[in-house]
Amino acid sequence: MENTALLIIDVQNDYFPGGKMTLEGAEKAAKNTQDILKYFRENNLPVVHIMHIATDDGAAFFIPDTHGVEISSWVAPKSDEKVLVKHFPNSFRETDLLQFLQAKKIKNLVITGMMTDVCVESTTRAAFDFGFTNTIIGDATATRDRELNGQVIKAAEVQRSFLAGISALGNLYARIVSTDDFLHGK
């Protein structure tokens, strides 16, 4: 686990029941993220909490100064953990994430968060382009149903498809593991 950091992407209140953009399996993903976070804290490894704040006119969720934009209590940051604010799906875009990771000599990222097919995917692909080796904790991510050409694609199918795509070609962009496998060294 040397030179490894945990990225927790957008585990924010709007994604949970009662929020403005509820995801399928958000609570299960948050519980698994909490377990991964506990491991990183116990092993004194770097943690980065990433928080999306909407800046678009007409944004429907992650509105500044609302309860929904706040990081969920499932994974509330400690005072010595970095909290990074972003305004785009890619957590590297117009943030200091790359500089922070380079300063800490991080080479490997463990990635959890929401939404699998948007912010998790775009951040993971960018991390690969910057030379990081990535592991996504698949059951510590979540998404929602999508619509394409009038057809609904269920969240579980979206989840599987995006995780399969990002791990294609011999785990090119990321290796996908479960929380249990990660915590037990598999």
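Mind listing whichever residues of the range 1-20 are free of Cβ contacts under 8 Å to residues at least 40 places away in the same chain and out of contact with any strand residue (DSSP E or B) (no Cβ under 9 Å at 6 or more places or on another chain)?
First, the residues of the range 1-20 that are free of Cβ contacts under 8 Å to residues at least 40 places away in the same chain: 2, 17-18.
Within the range 1-20, 17, 18 meet the criteria.
Would you say residue 95 is at negative phi, modelled with pLDDT of 95 or more and not in a loop (DSSP other than H, G, I, E, B)?
Numbers: at negative phi: yes; modelled with pLDDT of 95 or more: yes; not in a loop (DSSP other than H, G, I, E, B): no.
Answer is no for this residue.
Among the residues of the range 64-92, write down those that are in a loop (DSSP other than H, G, I, E, B) and in contact with a helix residue (DSSP H, G or I) (Cβ under 6 Å, 6 or more places away or on another chain). Outline the logic, then answer.
Of the range 64-92, the ones in a loop (DSSP other than H, G, I, E, B) are 64-66, 70, 72, 76-81, 87-92.
Matches in the range 64-92: 70, 72, 89, 90, 91, 92.
Residues in the range 68-81: is at least one under 12 Å from the mean Cα position of the chain (by Cα), among the charged types (D, E, K, R) and modelled with pLDDT of 95 or more?
There is no residue in the range 68-81 that is under 12 Å from the mean Cα position of the chain (by Cα), among the charged types (D, E, K, R) and modelled with pLDDT of 95 or more.
Can you tell me which residue is farthest from residue 141 (Cα to Cα) among those in the range 6-59 that are touching a Pro at 6+ places or on another chain (Cβ under 9 Å) and open to solvent by 60 Å² or more (accessible area, probe 1.4 Å)?
55
Considering each of 140, 164 in turn, give the residue that is in contact (Cβ under 8 Å) with a residue 24 or more places away in the chain and either farther than 25 Å from residue 55 by Cβ or open to solvent by less than 20 Å² (accessible area, probe 1.4 Å) (or both).
Result: 140 is the single residue among 140, 164 that is in contact (Cβ under 8 Å) with a residue 24 or more places away in the chain and either farther than 25 Å from residue 55 by Cβ or open to solvent by less than 20 Å² (accessible area, probe 1.4 Å) (or both).
Looking only at the range 167-177, filter to residues that are over 14 Å from the mean Cα position of the chain (by Cα) and of a type in the set (Gly, Ala, Ser); which one of those is surrounded by the most Cβ atoms within 10 Å (Cβ to Cβ)?
Looking at the filtered set, the residue picked out is 167.
Please specify each residue of the range 77-116 satisfying the condition of being within 21 Å of residue 158 (Cβ to Cβ) and open to solvent by less than 20 Å² (accessible area, probe 1.4 Å).
91, 111, 112, 113, 114, 115, 116
Restricted to the range 143-160, and to residues that are in a helix (DSSP H, G or I) and touching a residue at least 12 places away in the same chain (Cβ under 8 Å), which residue is most open to solvent (accessible area, probe 1.4 Å)?
156
Identify, please: which residue in the range 120-131 is in contact with a Ser or Thr (Cβ under 9 Å, 6 or more places away or on another chain) and crowded, with 22+ Cβ neighbours inside 10 Å and is, among those, farthest from residue 34 (Cα to Cα)?
Among them, the one singled out is 127.
The values are calculated or read from the model by the stated rules, or taken from the named source; none is laboratory data. Keep in mind that this is a model prediction, so the values were computed, not measured. Cβ sites come from the backbone with ideal geometry, for glycine too, and all protein chains shown count toward neighbours. These accessible areas exclude ligands, DNA and RNA; they are computed on the full protein's heavy atoms, side chains included. Shrake-Rupley method; radii C 1.70, N 1.55, O 1.52, S 1.80 Å.
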